[in-house]
Amino acid sequence: MKYLCLAYYNPAEFAAMAPTDMQALVSQCPPKDAQLKATGQLRVSASLGEPAIRLQPCGGKTQKIDGPFTEAKEMVGGFFIIDAANPDEAVKAASLHPAATLGEQASWRIDMHPIDFFEQYDGKA
């Protein structure tokens with residue numbers, strides 16, 4: 001089964017960190033990412049840019065709203081998809097991601113969602 005893992009952070013807390021603390025934290029990420037990749041279970045990994053765009057129905061039409069969305073204290077900073085035989089295996093793999101083990105001072109965390117349907121496209125018609 002595949003799991004969508006959303007990596008969150010608190011932008012205000014992250015920005016409040018001293019530059020040396022931020023660099024020390026961020027420098028620990030590549031080795032953690034490498035450990036997760038080495039499991040062979042990582043299928044997709046990406047970090048998200050700003051600003052976000054929201055699409056929602058409004059009066060029978062699609063309404064576009066530009067972010068940032070101030071109602072969110074925490075933001076999704078990235079996501080990854082892992083493939084695991086069961087939830088325990090998924091937790092073990094996702095626990096290797098930096099947001100699961102580092103960044104407590106910036107409220108890093110991961111929410112995992114089982115994916116019921118997954119289809120991959122190559123971008124060709």
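The values are calculated or read from the model by the stated rules, or taken from the named source; none is laboratory data. Everything quoted here is computed from the prediction, not taken from an experiment. Please note: Cβ atoms are built from the backbone with ideal geometry, for glycine as well, and neighbour counts cover all protein chains shown.
Summary table
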{"item": "Unique match (being without any contact (Cβ under 8 Å) to a residue 60 or more places away in the chain, of a type in the set (A, V, I, L, M), within 28 Å of Val91 (Cα to Cα) and out of contact with any strand residue (DSSP E or B) (no Cβ under 6 Å at 6 or more places or on another chain)) among Ala24, Ala15", "result": "Ala24"}
{"item": "Failed criterion for Ile53 (all others in (1) within 29 Å of Asp122 (Cα to Cα); (2) among the hydrophobic types (A, V, I, L, M, F, W, C); (3) over 17 Å from the mean Cα position of the chain (by Cα) hold)", "result": "(3)"}
{"item": "Wholly within the range 19-125, helices (runs of 4 or more DSSP H) carrying at least 1 residues that are touching a Leu at 6+ places or on another chain (Cβ under 8 Å) and either surrounded by fewer than 14 Cβ atoms within 10 Å (Cβ to Cβ) or among the hydrophobic types (A, V, I, L, M, F, W, C) (or both)", "result": "19-27, 29-38, 87-94"}
{"item": "Selected residue (only one of Ile82, Ile115 is in contact with a Phe, Trp or Tyr (Cβ under 7 Å, 6 or more places away or on another chain) and within 22 Å of Cys29 (Cβ to Cβ))", "result": "Ile82"}
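Condition check ((1) touching a helix residue (DSSP H, G or I) at 6+ places or on another chain (Cβ under 8 Å); (2) modelled with pLDDT under 95; (3) hydroxyl-bearing (Ser, Thr, Tyr)) across all residues:
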| residue | (1), (2), (3) |
| --- | --- |
| Leu25 | yes, yes, no |
| Val44 | no, yes, no |
| Gln56 | no, yes, no |
| Lys64 | no, yes, no |
| Phe69 | no, yes, no |
| Ile82 | yes, no, no |
| Leu102 | yes, yes, no |
| Trp108 | yes, yes, no |
| Ala125 | no, yes, no |
